[in-house]
Amino acid sequence: MFGRRGANEGDPFRNNSRETAGRFRRRYIAALSLIAGLALAGQVLVQRSLNSQRSGSHVVNQAGYQRMLSQRISLKILLHDPTQPDARAQLHEIGALRDRWVSAHAALVKQVDEVAYDQAARAALTGLLDNLHQPLQRMAAMVDTLADKGSLTPAERRAVLTDQENFLPLMDAVVLGLEQSVSARVAFLQDLELGLLLTTLVVLALEAVLIFRPAVDHLEASLAQLELRSQQAARRLESLRHLAGGIAHSFNNILTGILGHAQLQRLDALASRQSTEFIDAQLEGGRRATEIVSQLLLYSGHGKFDLQPTPLGPWLRDLMKVITPPGSPVEVRVVVIEDSTAAVDRKAIRQAVKGLVANAVEALAGRRGAVEVQVRHAFLSDPRAMSGPYRTELPPGLYACIQVTDQGAGIEAEELEHIFDPYHTRKEFGRGLGLAAILGIAHGHGGGIELESQPGRGSTASLYLPISEVTGAEQPAKVSAPA
């Protein structure tokens with residue numbers, strides 16, 4: 001019984017919102033891509049900084065190790081005693097140290113270009129290493145002399161000390177220069193990282209100013225526009241309801257006269273023994289028109305209700321026995337969780353509950369199954385929006401809830417927005433006020449309807465009615481609802 005409405009493709013508001021959203025989306029993607037590129041570049045710089053610091057520290061440590069080797073070699077040369085039993089082993093150890101020292105110096109010379117920060121640092125370090133070459137070669141040659149002769153003369157010992165005194169300050173200068181180059185390179189990379197970070201922050205600030213803030217302003221304007229359109233639509237609906245109520249009252253007055261005259265004409269026909277076939281057809285058509293007018297009055301909220309405090313549990317059990325056809329494949333169960341007494345127009349609520357149960361049975365599409373009609377209390381701690389085009393909110397409080405649940409095909413989300421619209425249906429036949437009249441009945445009682453559905457899993461319609469202050473044990477008294 002539900003239908004589908006096509007989207008308004010020519011709506012300028014929607015088209016403008018769609019174009020603006022697309023423009024903001026493109027800007028956001030561009031800004032996000034730029035930020036991602038800056039973040040990636042920052043990570044690359046961080047990795048390069050760490051690698052540079054690691055390799056620089058390795059070269060500095062190697063230079064320090066070479067300085068330590070020079071001290072050990074010179075000390076072992078000066079302390080060598082050919083008269084000791086292990087003199088040959090000492091010479092072998094000195095030769096091994098000399099080889100490691102020479103190879104470490106050669107590796108250091110190759111790595112200076114990688115560590116030096118700029119051309120000036122590279123030239124200074126290269127000059128220092130060139131000056132180290134001669135004392136290193138002399139001390140290395142002195143090891144061969146010691147191995148050949150077994151001992152050194154006093155002049156050769158003084159030469160070793162002199163070369164050592166020249167070598168160590170030069171080596172200290174090399175270590176210091178390497179440390180400065182490593183620090184300068186790391187500082188440069190850190191400055192680049194800081195620059196990228198500041199650039200990223202600037203891009204984020206520009207994104208906030210040029211993208212997010214206009215987007216928020218546009219969203220606020222769109223929400224305000226939607227709120228205005230919603231209020232206008234609500235006012236139009238209210239106007240239509242008043243119009244429908246006025247027309248229904250007018251037609252009701254006209255139909256009353258028509259039906260009255262038809263009844264008098266029928267009495268005259270019976271008195272003169274004439275056929276009443278055509279008069280009966282007129283009366284039947286008038287009665288059907290009266291039913292439609294009554295539904296219009298219910299939908300418009302101008303219906304007259306004869307409210308009686310009614311215990312809903314027993315009343316619903318009796319009602320289901322009457323409206324459930326015998327032999328139906330659908331079982332209608334009434335479950336009273338908490339019996340509630342509500343002031344209702346029994347005829348109107350009967351029509352509402354009968355319509356909800358009929359919809360639930362139709363949702364099963366002839367299959368065997370069950371429809372559950374549940375009665376319970378519902379306490380609303382906050383205002384709750386009800387279903388329907390009026391966007392009614394029930395105030396907080398205690399309500400009687402009649403809940404009709406089926407396990408049918410369910411309703412799609414787009415259908416739920418229009419399910420209570422008059423003459424909206426997806427059934428081939430039976431278009432009418434239907435659920436719109438049920439919604440009017442609920443509003444006329446000061447309540448509302450909440451419809452929940454999941455495609456493929458069924459639907460639940462909850463009819464909320466204010467709890468009556470009159471208990472079931474007291475004598476029901478008739479009251480009239482305001483027009």
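The values are calculated or read from the model by the stated rules, or taken from the named source; none is laboratory data. This is a predicted model, so every value here is computed, not measured. Neighbour counts run over all protein chains shown; Cβ positions are idealised from the backbone, glycine included.
In this structure, is Val102 within 19 Å of Leu168 (Cβ to Cβ), modelled with pLDDT under 80 and either surrounded by 14 or more Cβ atoms within 10 Å (Cβ to Cβ) or not assigned by TED's automatic domain parsing to the domain that holds Ala159 (or both)?
For Val102, the condition - within 19 Å of Leu168 (Cβ to Cβ), modelled with pLDDT under 80 and either surrounded by 14 or more Cβ atoms within 10 Å (Cβ to Cβ) or not assigned by TED's automatic domain parsing to the domain that holds Ala159 (or both) - is not met.
Would you tally the residues in the stretch 368-395 being surrounded by fewer than 16 Cβ atoms within 10 Å (Cβ to Cβ) and in contact with a helix residue (DSSP H, G or I) (Cβ under 8 Å, 6 or more places away or on another chain)?
1
Taking Asp130 and the conditions (1) in a helix (DSSP H, G or I); (2) surrounded by 14 or more Cβ atoms within 10 Å (Cβ to Cβ); (3) modelled with pLDDT of 80 or more, which numbered condition does it fall short on, given that it satisfies the others?
Of the numbered conditions (1) in a helix (DSSP H, G or I); (2) surrounded by 14 or more Cβ atoms within 10 Å (Cβ to Cβ); (3) modelled with pLDDT of 80 or more, the odd one out for Asp130 is (2).
Output the qualifying pairs, or none if there are none: Cβ atoms under 7 angstrom, residues six or more apart or on different chains, first residue in the stretch 115-142 and assigned by TED's automatic domain parsing to the domain that holds Leu161, second residue assigned to a helix (DSSP H, G or I) and among the charged types (D, E, K, R).
The qualifying pairs are Ala116/Arg122; Tyr117/Arg185; Arg122/Asp113; Pro135/Asp163; Arg138/Asp163; Met139/Asp163; Ala140/Arg98; Met142/Glu156.
Conditions first: (1) modelled with pLDDT under 80; (2) under 57 Å from the mean Cα position of the chain (by Cα). Gln119 passes all but one, so which condition is the exception?
(1)
Out of the stretch 396-408, which residues are buried (at least 17 other Cβ atoms within 10 Å of the Cβ) and free of Cβ contacts under 8 Å to residues at least 60 places away in the same chain?
Once the filter is applied, which keeps residues that are buried (at least 17 other Cβ atoms within 10 Å of the Cβ) and free of Cβ contacts under 8 Å to residues at least 60 places away in the same chain, the stretch 396-408 yields Val404, Thr405, Asp406, Gln407, Gly408.
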